[in-house]
1. Counting Lys and Arg as +1 and Asp and Glu as -1, what is the net charge of the other residues whose Cβ lies under 13 Å from the Cβ of Gly31?
2. Could you rank the peptides 26-36, 99-109 by their average count of other C-beta atoms within 10 Å per residue, with the highest value first?
3. Calculate the spin-label point distance for Asp35 paired with Glu87, positioning each point 7 Å from the Cα along the beta-carbon direction, and give it in nanometres.
4. So which aspartates and glutamates can Lys59 reach, going by Cα to Cα under 15 Å and dropping same-chain residues fewer than 8 places off?
5. Between Thr60 and Ile102, what is the label-to-label distance in nm when each label sits 7 Å out along the Cα-to-Cβ direction?
Amino acid sequence: MNHSIFFCSVLIFLSSCNTIPNENWINLFDGSSTDGWRAYNGDSMPPGWKIIDHVLTFKTEQILEEDYDYKGSRDIIYGAEEFDNFELYVEWNIPKGGNSGIFYHLKEGY
């Protein structure tokens, strides 16, 4: 009998809780443009970033051949929005011997 009362109490409690609505995911990259993305302390995307087969890719060869004199950060890019509480899903590939990462909860100037 005590188990039945406990079980019913739990069911009543859970059914009375407000559920958080299922929010839609926000795509930070649409596979076709870099609109809304920019360099660290910059207004636009730095050279070297290209969209190849719907993948945002950094092309080191372009830096060495075309944009050698560019001044500024090339490796850190920012999206258009800031988020406080989020889940990040990313598909990432880096060549062997590469050194890379994802910075999050980071503000410019620190």
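All of the numbers you see were taken from the coordinates with simple rules; none came from a lab. On a predicted model such as this, the values are computed, not experimentally measured, just so you know. All Cβ positions, even for glycine, are placed from backbone atoms using ideal geometry, and neighbour counts span all protein chains on display.
1. Details: positive: Lys50; negative: Asp30, Asp35, Asp53, Glu91.
Neighbourhood net charge equals -3.
2. For the peptides 26-36, 99-109, the packing ranking is 26-36, 99-109.
3. So the two model labels end up 2.7 nm from each other.
4. The qualifying aspartates and glutamates are Asp67, Asp75.
5. Modelled inter-label distance: 2.2 nm.
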